[in-house]
Structure formats: structure tokens, C-alpha cells
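In what follows, a single structure is set out as C-alpha cells and then discussed.
The values are calculated or read from the model by the stated rules, or taken from the named source; none is laboratory data. Since this is a predicted model, take the numbers as computed values, not measurements. Note that we place each Cβ from the backbone using ideal geometry, even for glycine, and neighbour counts take in every protein chain shown.
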Amino acid sequence: MYTDQIERIDRAIEASRETLTQDIIKLVGIKSVKGPSEPGAPFGRGPRDVLDAVLEMGNSEGFFAVDYNVGVVSLALKDGQPDLGIWIHGDVMPEGQGWNFDPYRAIEYKGRVVGRGSADNKGQLGAMFHLLKIFKELGISLKYNPAIYVGSDEESGMYDMQGIPGNDDARGFCNVCTPPRLSLVADSSFPVGYGGNGTMLMTFSAQKPFQGISILAGQNEDPGKAKATFYGKTVVTHSPIRHPSKPDPNGNMITKLMERLLEDDIVPAEQRSVLEFFKRLSLDIHGDSFGIHVETKDLKPVTVFAQRIDMRGDIPELTISLRYPIEITAEEVIEKMGKEAALYGVSLSKIERQRKPYVLDRNWPVLQKLKEIAQDITKEEKEPYTISGGTYAHWLPNALIYGTDANVPPEDFPADRGKAHGLDECVSLDRLQRAMKIYARALLLLNDMEW
């Protein structure tokens with residue numbers, strides 16, 4: 001039915017490659033790591049600058065641009081409340097050290113754009129903007145009103161969605177705005193995601209001060225580095241940067257640092273127990289020894305990621321990112337891990353960024369049709385999936401994760417290079433254009449469905 005329109009759209013997608021590339025490079029050039037809150041910029045100047053750039057792009061092309069004044073903006077094809085939202089985020093993780101490319105002076109290299117945020121999520125932002133621009137330029141009319149929604153705190157707790165009490169600039173989109181009837185989140189893989197684990201950050205603190213020892217790990221300026229200074233001696237360890245949903249079962253830089261410190265008899269016995277607990281947290285990535293590992297039906301198992309160590313005065317504090325399925329409650333996790341920590345002279349001192357697990361009906365007709373479209377283009381028979389990472393789909397009604405499978409490093413990149421959140425992050429332009437074709441067909445199909 002839409003054969004002629006699809007052919008025209010596909011030709012326009014192919015013709016857009018050069019301008020798409022330049023727009024992604026421009027967006028990557030904005031260092032949008034979360035920073036200090038400012039008036040009108042609740043998540044820092046960099047994330048706000050991305051939103052301003054999106055509004056400028058939208059206004060220049062005649063989209064109906066809206067700033068919700070909560071750290072979220074949208075660009076719609078029509079005036080009025082959008083019915084379908086394509087959700088993307090403009091904030092990025094800290095770049096760390098050790099890049100072979102300049103993280104904020106992106107370039108095209110072997111069919112990829114290389115730079116911080118190119119794969120997560122600015123490449124998708126550029127692609128979806130150009131897709132709606134193509135629909136607009138070709139005069140393709142839809143019964144509903146599609147829009148791109150761009151947030152600015154996805155990487156740091158999604159407070160653009162849930163809000164920060166007492167901050168009028170961060171009241172939370174879900175608290176004060178009307179979400180679209182259906183949302184697609186372009187921040188993972190095809191064919192389609194229908195659920196996600198709950199998450200929370202948990203901070204464990206030594207109950208007694210550490211005299212003469214300072215420990216830091218996973219700091220923003222170098223997320224893969226851990227460092228301890230004690231009695232005139234310094235120990236430094238490193239590990240590759242990984243996504244918190246995919247911890248290494250062999251541990252990371254925190255594991256290595258704890259092992260080095262425990263080898264040294266200079267560390268007092270009462271401090272050794274704290275270091276032993278920190279080491280245990282960094283290695284038990286599924287929480288088996290804490291009694292929180294459970295069998296699951298749809299979602300991923302519990303994952304524990306030892307993320308960073310800070311010093312609060314003389315007190316070392318280890319923060320973990322923990323993801324859990326619906327078969328165990330946050331309260332059960334908190335109780336069991338808190339009791340175990342106390343045996344080591346450690347307290348569970350803080351819990352934040354909580355997000356509940358969710359699962360949608362995988363037989364939902366909209367989900368099944370979106371799956372078929374993706375399979376037809378990718379030629380892959382993958383099935384609907386759930387994730388252990390977090391996306392905006394956790395917060396929105398009727399939200400599905402849809403693509404884009406675009407984080408594909410070139411063959412000459414080492415295995416530890418090119419990934420999202422990692423060094424020399426990159427996005428494949430071929431894959432982005434493939435995703436645009438999938439989304440184009442989805443937009444046309446949804447025109448004929450009740451949802």
C-alpha cells in the first residue's frame with residue numbers, strides 16, 4: 001500500500017548521509033556530561049546546550065518545537081499534543097582518558113562517526129531528526145502526530161523524567177507533562193524490547209574512619225582508574241570501561257586495587273574486613289553470596305556493578321549499580337545486602353536513582369508488527385527481548401525499545417574500543433540509515449493500526 005512512499009523515503013534517506021553525518025558531528029561536539037545545576041539548566045550547561053541545539057534545528061526546519069522546562073524538549077510534525085514519541089537523550093557519560101580520537105571533535109572514520117555520545121545517543125538523535133524531516137519534505141501525511149522527544153539526564157538517574165524535589169527546573173516530565181499515547185525508545189537493539197530490570201544505586205560506607213588511607217575509584221575524569229594512597233605509598237589499578245549492566249565476572253579496577261591493598265600487611269585488620277567486602281561486591285556480579293540471585297521468566301538476572309569509591313572525610317564509600325528483576329523486591333535486596341555488610345563493619349548508607357522493573361505483553365499486536373518490520377529489514381530472526389540497562393521506557397506508558405543496533409566499531413578497532421560508554425565510542429552510519437528505514441516503515445504501518 002505504501003510502496004511508492006517507501007521508495008521515495010528510502011531514496012531520501014540515502015541522499016541524507018552527508019548532512020546526517022555533519023549534524024551528528026555537530027551534536028557530538030557539545031560536551032553534554034552532567035554538571036552543576038544552573039537556572040534553566042537543572043542538569044548542567046552541557047546537557048542544556050544540546051536541548052537548545054535541538055530546538056534550533058527544529059525551528060529552522062519548521063517543526064513544532066516545545067521546551068517543557070524540565071530538561072526535555074520535543075519536535076513534532078504537527079501542532080498540538082504528540083501521539084507517538086520517539087525518545088532519545090542528549091546527555092553523555094564522562095569521556096575518561098585514553099582516547100585515540102578526540103572525544104568532542106568527532107570525525108567520520110570508515111563509515112562511522114567517532115566521538116563521545118555518537119552511539120549513545122546522538123547518532124540516533126541525528127537519524128530520527130532527519131527521518132521526520134524527510135516525512136515533512138515529502139509531504140507524507142499521517143493520522144497521528146509523531147514527535148522526537150529529547151531528554152538530558154538519561155545517563156545520570158533520569159531525573160528529567162522523575163524530577164528532583166525542590167528544583168523547579170527539574171519537576172520531572174512524568175509529573176507535569178502529558179506523555180504520548182505510544183513511545184518508541186531508540187536506545188538499544190532491534191527487533192523490539194518489552195521490559196527492563198529495576199535499578200538502584202547503593203552506597204556502602206565503612207563504619208569507622210580509615211586513618212592514613214585514601215581510596216578513590218571510578219571518578220568522572222577517569223572511570224576506569226582506581227587509586228589508593230597510604231603511608232606515603234600510592235597504588236593505581238586500571239580496567240576497561242564497561243556499561244553498568246554488563247559487569248565483568250573477573251572484576252574491575254576496584255577488585256584489583258582491593259587485592260593489592262589486602263596483600264600489604266600495613267593495612268590494619270579492622271580495615272581489611274571493609275576491603276574484603278568491597279572486593280566481594282566487585283566480584284559477585286549476580287549477588288549469589290548475598291542471597292539475592294533469583295530465577296527469572298522475562299527479565300535479566302540480578303547484576304551488581306562496583307562503580308566507584310569516594311572518600312567522605314576519612315570514610316571510604318563504595319557505590320554499586322544494582323539491577324534486579326520483578327521476582328525480587330527492592331526491599332528484599334536492601335535488607336539482605338544491609339545485613340551482610342554489617343558483618344564486615346560496613347553500613348548501607350545511601351540508596352538513590354531507584355527505578356522499578358517493568359514487563360509489557362510481548363503478544364501486544366503493536367509489538368508483534370514492529371518486530372516483523374525490523375526482522376524484514378535486518379534479515380535476522382531475533383525475538384523480542386528485555387534489558388538490564390535503563391531507558392526512558394521505564395518511565396513512560398506503552399513504551400517499547402526499538403533499535404537501533406548502530407554501535408558497530410570498524411574491524412581495525414581493538415575489542416575494548418568503540419563501544420557505547422567506552423573509549424573511541426562510534427556509531428555506524430550504515431546502521432543508522434538502516435534504522436531510519438525501519439522507523440519509516442513503522443510510522444507508516446502505525447497509520448493503519450489502532451493503538
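Observations on the structure shown:
- Residues within segment 234-258 that are charged (D, E, K, R), more than 15 Å from LEU216 (Cα to Cα) and more than 20 Å from the chain's Cα centre (by Cα), tallied: 0
- Residues satisfying the stated conditions in segment 306-334, i.e. surrounded by fewer than 20 Cβ atoms within 10 Å (Cβ to Cβ) and either of a type in the set (S, T, N, Q) or outside the structural domain of ALA206 (by TED's automatic domain parsing) (or both): THR329
- Close pairs (6 angstrom Cβ cut-off, 6 or more residues apart or separate chains): under 17 Å from LEU27 (Cα atoms) in segment 51-70, of a type in the set (Gly, Ala, Ser) anywhere: LEU51/SER152; LEU55/ALA65; GLY58/ALA65; ASN59/ALA65
- Lone unmet requirement of (1) touching a Ser or Thr at 6+ places or on another chain (Cβ under 6 Å); (2) surrounded by 15 or more Cβ atoms within 10 Å (Cβ to Cβ); (3) not polar (S, T, N, Q) for VAL346: (1)
- In summary, ALA76 fulfils each of the numbered conditions (1) under 26 Å from ARG171 (Cα atoms); (2) in contact with a Gly (Cβ under 9 Å, 6 or more places away or on another chain); (3) surrounded by fewer than 23 Cβ atoms within 10 Å (Cβ to Cβ) with the single exception of condition (3).
- When PRO249 is tested against (1) under 23 Å from PHE210 (Cβ atoms); (2) touching a Leu at 6+ places or on another chain (Cβ under 8 Å); (3) not aliphatic (A, V, I, L, M), exactly one condition is not met: (1).
- Scanning segment 344-375 for residues that are part of a loop (DSSP other than H, G, I, E, B) and either within 22 Å of the chain's Cα centre (by Cα) or touching a residue at least 60 places away in the same chain (Cβ under 8 Å) (or both) turns up TYR344, GLY345, LYS356, PRO357, LEU360, ASP361, ARG362, TRP364.
- Verdict on MET337 being under 23 Å from MET202 (Cα atoms), aliphatic (A, V, I, L, M), surrounded by fewer than 20 Cβ atoms within 10 Å (Cβ to Cβ) and in contact with a strand residue (DSSP E or B) (Cβ under 7 Å, 6 or more places away or on another chain): no
- Scan of segment 281-305 for residues that are surrounded by fewer than 18 Cβ atoms within 10 Å (Cβ to Cβ) and not in a loop (DSSP other than H, G, I, E, B), ordered by number: ASP288, SER289
- Boolean, ALA374 is within 16 Å of GLY196 (Cα to Cα) and aliphatic (A, V, I, L, M): no
- Flag for ARG181 being surrounded by fewer than 18 Cβ atoms within 10 Å (Cβ to Cβ) and outside the structural domain of PRO244 (by TED's automatic domain parsing): yes
- Exactly one residue out of GLY390, GLY418 is at pLDDT below 95, crowded, with 22+ Cβ neighbours inside 10 Å and under 30 Å from TYR109 (Cα atoms): that is GLY390.
- For the condition under 20 Å from ILE241 (Cβ atoms), in contact with a Leu (Cβ under 8 Å, 6 or more places away or on another chain) and not in a helix (DSSP H, G or I), TRP87 does not qualify.
- Yes/no for GLY172 being at positive phi and over 23 Å from the mean Cα position of the chain (by Cα): no
- Counted residues, segment 237-279 - those being assigned to a helix (DSSP H, G or I), among the charged types (D, E, K, R) and free of Cβ contacts under 8 Å to residues at least 60 places away in the same chain: 6
- If only residues of segment 212-233 that are farther than 16 Å from PHE305 by Cβ and hydrophobic (A, V, I, L, M, F, W, C) are counted, the one that is farthest from the chain's Cα centre (by Cα) is PHE230.
- Candidates in segment 393-410 are the residues that are under 17 Å from the mean Cα position of the chain (by Cα) and either within 30 Å of ASN100 (Cβ to Cβ) or without any contact (Cβ under 8 Å) to a residue 24 or more places away in the chain (or both); of these, the one that is surrounded by the most Cβ atoms within 10 Å (Cβ to Cβ) is GLY403.
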